[in-house]
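Could you have a look at this structure, given as structure tokens, before my questions?
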Amino acid sequence: MNLIDLRTLMMITLIICAVCTLLVTILWRQNKERFAGMHLWVISFVFQTLGVLLIILRGATFDWLSIVAANVSIALAAVLLNIGLEEF
């Protein structure tokens with residue numbers, strides 16, 4: 001008994017990441033003079049969204065792109081978010 005498919009879950013994750021990227025970008029544009037480190041948040045969310053998109057494309061693209069690049073992108077997003085929070 002499967003309540004939700006993994007592809008559906010990943011598509012929901014992609015949509016949530018894209019909306020968060022949009023909202024963080026709007027907040028950064030409004031407050032970039034006031035707060036330091038917010039540009040790293042935007043870059044982090046972009047890498048997170050890219051990583052989720054590459055995971056979704058697994059099987060439709062090269063394995064090195066959908067596995068290695070996706071994992072590197074998500075790990076880089078976590079590092080950049082941490083640095084951005086330290087600067088904030």
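For residue 69, which of the numbered conditions (1) under 22 Å from residue 8 (Cα atoms); (2) in contact with a Lys or Arg (Cβ under 8 Å, 6 or more places away or on another chain); (3) of a type outside the set (Ser, Thr, Tyr) fails to hold?
Unmet condition: (2).
Here is a further query. Based on this model, can you work out whether residue 33 counts as at negative phi, part of a loop (DSSP other than H, G, I, E, B) and more than 16 Å from the chain's Cα centre (by Cα)?
Yes, satisfied.
Let me ask another. Can you name every residue in the range 1-16 that is touching a residue at least 24 places away in the same chain (Cβ under 8 Å) and under 20 Å from residue 80 (Cα atoms)?
13, 14
For the range 44-58, which positions are of a type in the set (A, V, I, L, M, F, W, C) and part of a helix (DSSP H, G or I)?
Of everything in the range 44-58, those that are of a type in the set (A, V, I, L, M, F, W, C) and part of a helix (DSSP H, G or I) turn out to be 45, 46, 47, 50, 52, 53, 54, 55, 56.
Next up: Those residues that are open to solvent by 30 Å² or more (accessible area, probe 1.4 Å), out of contact with any Asp or Glu (no Cβ under 8 Å at 6 or more places or on another chain) and in contact (Cβ under 8 Å) with a residue 40 or more places away in the chain, I need them from the range 17-42; list them, please.
Of everything in the range 17-42, those that are open to solvent by 30 Å² or more (accessible area, probe 1.4 Å), out of contact with any Asp or Glu (no Cβ under 8 Å at 6 or more places or on another chain) and in contact (Cβ under 8 Å) with a residue 40 or more places away in the chain turn out to be 35, 39, 41.
I'd like the full set of residues that are assigned to a helix (DSSP H, G or I) and either surrounded by 12 or more Cβ atoms within 10 Å (Cβ to Cβ) or at positive phi (or both), limited to the range 59-75.
65, 66, 67, 68, 69, 70, 71, 72, 73, 74, 75, listed by residue number.
The values are calculated or read from the model by the stated rules, or taken from the named source; none is laboratory data. Source: prediction; values computed, not measured. When we count neighbours, we look across all protein chains shown, and the Cβ atoms used for this are built from the backbone with ideal geometry, even at glycine. Each accessible area value is taken on the protein alone, full model and side chains, heavy atoms only, with ligands, DNA and RNA left out. Shrake-Rupley method; radii C 1.70, N 1.55, O 1.52, S 1.80 Å.
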